[in-house]
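Visitor: Structure incoming, see below.
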Amino acid sequence: MAKTGNFLEFIKILLERKGEIICPEEFGNRFGHERTVKRYFIELSEYQNIVKIGIEKKAGEKGRQKECYKLVSASDILLEFFKKSDDIEHFIHWSNSLDPEIFQDLEENSQKALHNILNSNDEVFYFKNAEFEEIKNREIFKKIKIAIQNRNLINFQHYYRGQDIEVFEAKPIRILFNENNWYLLFVENENLQFSRINFINSLEIVEKRFLKSEIEKFEKLIPKIQNPMTLFNQKPKVAKIRALSGISKYFGENSKKFLRSQKFLKENRDGSVDFEISYTQPLEVLPFIKKWLPNLQILESPEAELQKALQKDLKEMLAILEK
């Protein structure tokens, strides 16, 4: 199998040119050699997504015909990419474990192929995830998608901080899936905000539209999202944390990050590890810190606000337990 990145780029081009006749030589050296492109077409033809078409050659070209191709079905093409890429085959199993109906709209031949992939590794993969949030009102979800695609303003009512709030002429920019919940990212009064989609009681699409240029600066903030507690109107602060030796292996230089902003600093002689995290409000990182107590220590934070907030929460918890 060729490089996964090249194959995915090739598939993207096919999807963009669905229905067009494409000849391998059009790609030049983009994927290394024309033979590579021909192999891509042959591999995808196994699923009847690709039709081979004989094109009469121009005067001066050798031979009578050249082999060109046309993508006639786009619904199953990514399945072949997943199937032939062993390094991400687990993605299919993970997706299916989150939502067993996620692939239900594939065509019949791909349903069979997918079934074979899942069954062939039943004794290899087992995914245990937090419960996947089911959308309660799919009509609202559908309206949000339409409004984002067409850049329509929206009016909606949602439950926020203990009360029902009305929002008028908001600019919806993304649907965010984070920590197993669905959120609407929207702009209101020049502020980027979150709303839990299952907490939206009603929503209507407004005929008035907005320009992409009006939201570009907010779209640049999306990669900075750490979790739904991220505040976009606050400058990030930095805290220094220490993981004691008992859990330090989870916070090493090459360990998986628990937070997007997490940055390894050093390993100490006693085996503990120091690292940094950024946050816009204590609530953004305190649940993470509490999860690892007493093996995480807050070494530094601006004006000791994380230490103070943690002490306050712990005192309240103890007061409840002592009742």
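Visitor: Is it fair to say Asn233 is assigned to a loop (DSSP other than H, G, I, E, B) and loosely packed, with under 13 Cβ neighbours inside 10 Å?
Guide: Numbers: assigned to a loop (DSSP other than H, G, I, E, B): yes; loosely packed, with under 13 Cβ neighbours inside 10 Å: yes.
Yes, satisfied.
Visitor: Still on this model: Considering each of Phe232, Phe199, Phe251 in turn, give the residue that is over 28 Å from Gln307 (Cα atoms) and not basic (Lys, Arg). Spell out how you get there, then give the answer.
Guide: Working: Phe232 fails: over 28 Å from Gln307 (Cα atoms); Phe251 fails: over 28 Å from Gln307 (Cα atoms).
Only one candidate qualifies: Phe199.
Visitor: Quick one: what pairs do we get from the range 298-323, first residue closer than 15 Å to Pro287 by Cα, second surrounded by 13 or more Cβ atoms within 10 Å (Cβ to Cβ) and β-branched (Val, Ile, Thr), C-beta under 7 Å, 6+ apart or different chains?
Guide: Ile298/Ile241; Ile298/Ile289; Leu306/Ile298; Gln307/Ile298; Leu310/Ile289; Leu310/Ile298
Residue by residue, here is whether (1) outside the structural domain of Leu184 (by TED's automatic domain parsing); (2) touching a helix residue (DSSP H, G or I) at 6+ places or on another chain (Cβ under 9 Å); (3) at negative phi; (4) part of a loop (DSSP other than H, G, I, E, B) holds:
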position: Ser245; (1), (2), (3), (4): yes, no, yes, yes
position: Lys249; (1), (2), (3), (4): yes, no, yes, no
position: Phe264; (1), (2), (3), (4): yes, yes, yes, no
position: Glu303; (1), (2), (3), (4): yes, no, no, no
position: Gln307; (1), (2), (3), (4): yes, no, yes, no
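Visitor: Would you confirm, using the coordinates I've provided, whether Pro302 is surrounded by fewer than 16 Cβ atoms within 10 Å (Cβ to Cβ) and either modelled with pLDDT of 95 or more or not hydroxyl-bearing (Ser, Thr, Tyr) (or both)?
Guide: Values: surrounded by fewer than 16 Cβ atoms within 10 Å (Cβ to Cβ): yes; either modelled with pLDDT of 95 or more or not hydroxyl-bearing (Ser, Thr, Tyr) (or both): yes.
Yes.
Visitor: Ser255: under 25 Å from the mean Cα position of the chain (by Cα), of a type outside the set (Val, Ile, Thr) and part of a strand (DSSP E or B), yes or no? Spell out how you get there, then give the answer.
Guide: Numbers: under 25 Å from the mean Cα position of the chain (by Cα): yes; of a type outside the set (Val, Ile, Thr): yes; part of a strand (DSSP E or B): no.
Here the answer is no, as Ser255 does not meet what is asked.
Visitor: Considering each of Ile277, Ile298, Ile289, Ile247 in turn, give the residue that is over 30 Å from Leu185 (Cβ atoms) and β-branched (Val, Ile, Thr). Let's see the steps before the verdict.
Guide: On the way: Ile277 fails: over 30 Å from Leu185 (Cβ atoms); Ile298 fails: over 30 Å from Leu185 (Cβ atoms); Ile289 fails: over 30 Å from Leu185 (Cβ atoms).
Checking each option against the conditions leaves just Ile247.
Visitor: Only one of (1) part of a helix (DSSP H, G or I); (2) buried (at least 16 other Cβ atoms within 10 Å of the Cβ) fails for Gln193. Which number is that?
Guide: Gln193 satisfies every listed condition except (1).
The values are calculated or read from the model by the stated rules, or taken from the named source; none is laboratory data. What you see is a predicted model, and the numbers here were worked out from it, not measured in a lab. In this analysis, Cβ positions are derived from the backbone assuming ideal geometry, glycine residues included, and neighbour counts consider all displayed protein chains.
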